[in-house]
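The values are calculated or read from the model by the stated rules, or taken from the named source; none is laboratory data. Source: prediction; values computed, not measured. Quick reminder, even Gly has a Cβ in these numbers, built from the backbone with ideal geometry, and neighbours come from all protein chains shown.
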Amino acid sequence: MSATSRREPGGDTSGERDVLASASVRRVQAALDALGGGHRVVELTESARTATDAARALGCRVDQIVKSLVFRGRRTERAILVAASGANRVDEVKVGELLAEPIAKADAAFVRARTGFAIGGVAPVGHAEPVPTLIDEDLMKWEEIWAAAGHPSSIFRLTPADLVRMTSGRVVVIRV
């Protein structure tokens with residue numbers, strides 16, 4: 001990654017809005033600090049709203065991007081986080097079977113209420129309430145992966161083992 005494609009906390013904002021100062025991003029950094037490991041949220045100069053955008057901005061493969069997708073349990077109304085490889089589509093029927101409950105896509109209001117994040121910036125940590133997490137087994141093959149950090153232009157680097165530890169997630173096959 002080039003030095004000009006990201007900005008660390010306290011860096012020059014050149015008059016732009018300081019994404020790293022947003023409440024959502026601060027909540028993610030606080031969660032990362034509490035979990036240990038020295039992970040740091042960084043701000044990209046380009047949007048990372050989609051996995052493709054994030055991979056392009058970072059200079060990595062789209063498979064290394066963690067898509068944090070929130071679904072709604074149809075029976076319980078609970079939020080479920082699926083941390084999917086950026087290259088994969090989630091098989092909702094398969095996920096429903098894994099959870100013993102059918103799921104549906106969550107709308108923006110549900111995602112914001114349950115996680116505290118807007119779609120496009122949902123992090124795997126720092127949620128407004130506990131969220132059960134399923135992790136795409138395809139993420140496990142990488143030495144490093146990247147996840148959203150509370151805003152479409154903020155990310156953090158971690159390992160697949162970090163993702164499992166941080167979320168207490170279950171590694172499963174989720175792809176179509």
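When R157 is tested against the conditions (1) outside any loop (DSSP other than H, G, I, E, B); (2) free of Cβ contacts under 8 Å to residues at least 40 places away in the same chain; (3) of a type outside the set (A, V, I, L, M, F, W, C), the lone failure is (2). Counting only strands (runs of 3 or more DSSP E) wholly contained in segment 42-149, the ones carrying 1 or more residues that are surrounded by 18 or more Cβ atoms within 10 Å (Cβ to Cβ) and hydroxyl-bearing (S, T, Y) occupy 65-73, 79-85, 133-136.
Taking the stated definitions as given, is A123 within 22 Å of D162 (Cα to Cα) and at pLDDT 95 or above? So A123 fits the description; yes.
Every listed requirement among (1) over 15 Å from the mean Cα position of the chain (by Cα); (2) touching a residue at least 12 places away in the same chain (Cβ under 8 Å) is met by T52 save one, (1).
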